[in-house]
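Structure first, then comments.
The values are calculated or read from the model by the stated rules, or taken from the named source; none is laboratory data. None of the values given here were measured: they were computed from a predicted structure. Every residue, glycine as well, gets a Cβ built from its backbone with ideal geometry; the counts of neighbours run over all protein chains shown.
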Amino acid sequence: MTDQTNMGIVAPDERQTRPAMIRGWQRKCPSCGGGPLLYSYLKVNACCPACREELHHHRADDGPAYLTILIVGHILAPLLLFVFVHYRPEPFTLFAVFTIGCVSMSLYLLPRLKGAMIGFQWARYMHGFGQKL
């Protein structure tokens, strides 16, 4: 008897991680992809209005904020150095442009990373998101 999970065949009770994270990135329910995951900027619905999947189990906590800082810092720090060395803009101009860029990127990424993290937790049955059969 061979193990079918090694051959790329997914068991019926196994959840796909990548589609769940993509749906979460889109701020949709990781289960159905139809209902909204968030009802406010970062508040998670207790359950999906479309499929009734319970979403209150999530434990995203500080993970999305940490990932946001990590990504924004790794993009803007080298860019800041490059702009400063090659163009030497006025300090206020440099401050204004990079402050707006940092805030904009952070506000864009934070709810999407939170959704992706919740999608990952849902797909891996973490923190009470269903029981493996």
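Observations on the model:
- Every condition in (1) surrounded by 12 or more Cβ atoms within 10 Å (Cβ to Cβ); (2) assigned to a helix (DSSP H, G or I) holds for Ile100 except the one numbered (1).
- Residues (outside any helix (DSSP H, G or I) and either surrounded by fewer than 11 Cβ atoms within 10 Å (Cβ to Cβ) or not charged (D, E, K, R) (or both)) located in the range 55-95: Leu55, His56, His57, His58, Ala60, Asp61, Asp62, Arg88, Pro89, Glu90
- Residue list for the range 21-46, restricted to those being touching a Leu at 6+ places or on another chain (Cβ under 8 Å), loosely packed, with under 15 Cβ neighbours inside 10 Å and over 16 Å from Tyr108 (Cα atoms): Ala46
- Top-ranked residue in the range 88-133 [being more than 21 Å from Ala65 (Cβ to Cβ) and among the hydroxyl-bearing types (Ser, Thr, Tyr); ranked as modelled with the highest pLDDT]: Thr93
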